[in-house]
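One structure below.
The values are calculated or read from the model by the stated rules, or taken from the named source; none is laboratory data. This one's a predicted model, so the numbers in the text were calculated from it and none came from an experiment. Glycine also receives a Cβ, built like all others from the backbone with ideal geometry; neighbour counts cover every protein chain displayed.
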Amino acid sequence: MKQIILYVVLFVFIGCTNDGTPTGPPAVTGTSVSPPPPTTTGYYLDLTGYGETLEPNFLKVSSDGSWERYGGTENVNGTSYLVMLASDSARFYYTATTSQYAGYRPKGQNPIIFDAPQGVLPARWSSDLTVTLTADFSYMGYSVSTRSTYTLVDTTPIVTLLGSFSHVAHFSVRVDMSASSGDASSTSQEIWLARGPGGIKSIRSGGIPVYFVHGYVNGQAWGSQPAAHKTAPGNLSSAENIIRGMFR
């Protein structure tokens, strides 16, 4: 049962991070950066504008039928948070001042607030740069620690229903979790971000590609055909959610 509990937490966690417009690499609790080794063939990528701002009109509908949208504000334990609603009925919380990812509420359960908001990723990336974000919290009487490791794999052009994008940032993301019960689990995912719409494609390990197909992101409407809102089955938790919380 303990192992099942940790798996459920992990499954929800990989679908609950929020990106905003990057502002640089401030030193924030919960963020560690491993500088890349010296190289003469490396490259640098300015990811300003690759993130997503959680604003009143924010909406993302994905090709698997899942969606995320702005849900206003909510008071949890005396603190006001910005809220993102997801098609699997989960809620994700972000600090009202810095929009850092601060916790979530699985369907039918009480809110889980992190001991400290998750850190943010830098705007300027080099080849082979690895960044790890951490978050600790309590769940059903257990202490849970998470480590989300992001590696910039490459940059590539991509064509989707939204249009053609160049210099798309391709990341490999690994999320490791451990609980005070002694259980541990991990998952991985590939994600692609473009300047303007943010996350446009993702692939979970062994899965099929999921694309951003319609919505409103960073002050602009994306996609020519409105996609129907529908509730995603519980085992589909939006594949795009992994990118939430990446950039500020």
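Being touching a Pro at 6+ places or on another chain (Cβ under 6 Å) and either charged (D, E, K, R) or closer than 24 Å to Thr134 by Cα (or both) is the requirement here; does Ala90 meet it?
On the way: touching a Pro at 6+ places or on another chain (Cβ under 6 Å): yes; either charged (D, E, K, R) or closer than 24 Å to Thr134 by Cα (or both): yes.
Spelling it out, Ala90 is indeed touching a Pro at 6+ places or on another chain (Cβ under 6 Å) and either charged (D, E, K, R) or closer than 24 Å to Thr134 by Cα (or both).
Out of Tyr150, Tyr139, report the one residue that is of a type in the set (Phe, Trp, Tyr) and touching a helix residue (DSSP H, G or I) at 6+ places or on another chain (Cβ under 8 Å). Spell out the reasoning first.
On the way: Tyr150 fails: touching a helix residue (DSSP H, G or I) at 6+ places or on another chain (Cβ under 8 Å).
Sole residue among the options that is of a type in the set (Phe, Trp, Tyr) and touching a helix residue (DSSP H, G or I) at 6+ places or on another chain (Cβ under 8 Å): Tyr139.
Failed condition for Asn241, given (1) modelled with pLDDT under 95; (2) out of contact with any Cys (no Cβ under 8 Å at 6 or more places or on another chain), with all others met?
Going through the list (1) modelled with pLDDT under 95; (2) out of contact with any Cys (no Cβ under 8 Å at 6 or more places or on another chain), Asn241 breaks only (2).
Any residue at all in the stretch 105-116 that is of a type outside the set (S, T, N, Q), closer than 21 Å to Val210 by Cβ and surrounded by fewer than 15 Cβ atoms within 10 Å (Cβ to Cβ)?
Here is the first cut: in the stretch 105-116, the residues of a type outside the set (S, T, N, Q) are 105-108, 111-116.
Applying the additional criterion that residues be closer than 21 Å to Val210 by Cβ yields 106-107.
If we keep only those that are surrounded by fewer than 15 Cβ atoms within 10 Å (Cβ to Cβ) too, we end up with 107.
Within the stretch 105-116, one or more residues are of a type outside the set (S, T, N, Q), closer than 21 Å to Val210 by Cβ and surrounded by fewer than 15 Cβ atoms within 10 Å (Cβ to Cβ).
Report, by residue number, each residue of the stretch 117-139 that is small (Gly, Ala, Ser) and buried (at least 19 other Cβ atoms within 10 Å of the Cβ). Quick ask: steps written out before the conclusion?
The initial filter retains those residues of the stretch 117-139 that are small (Gly, Ala, Ser), namely 119, 123, 126-127, 135, 138.
Answer for the stretch 117-139, where residues must be small (Gly, Ala, Ser) and buried (at least 19 other Cβ atoms within 10 Å of the Cβ): Gly119, Ala123, Ala135.
Could you list, in sequence order, all residues of the stretch 72-84 that are touching a strand residue (DSSP E or B) at 6+ places or on another chain (Cβ under 8 Å) and either buried (at least 17 other Cβ atoms within 10 Å of the Cβ) or part of a loop (DSSP other than H, G, I, E, B) (or both)?
Scanning the stretch 72-84 gives Val76, Asn77, Tyr81, Leu82, Val83, Met84.
Just the residues that are part of a strand (DSSP E or B) and either surrounded by 17 or more Cβ atoms within 10 Å (Cβ to Cβ) or in contact (Cβ under 8 Å) with a residue 60 or more places away in the chain (or both), please, taken from the stretch 187-203. It would help to see each step written out before you state the result.
Within the stretch 187-203, the subset part of a strand (DSSP E or B) is 187-194, 198-203.
Within the stretch 187-203, Thr187, Gln189, Glu190, Ile191, Trp192, Leu193, Ala194, Gly198, Gly199, Ile200, Lys201, Ser202 meet the criteria.
Which members of the stretch 86-110 meet the condition of being of a type in the set (Gly, Ala, Ser) and touching a residue at least 60 places away in the same chain (Cβ under 8 Å)? Can you show your working first?
Narrowing the stretch 86-110 to residues of a type in the set (Gly, Ala, Ser): 86-87, 89-90, 96, 99, 102-103, 108.
Ala86, Ser87, Ser89, Ala90, Ser99, listed by residue number.
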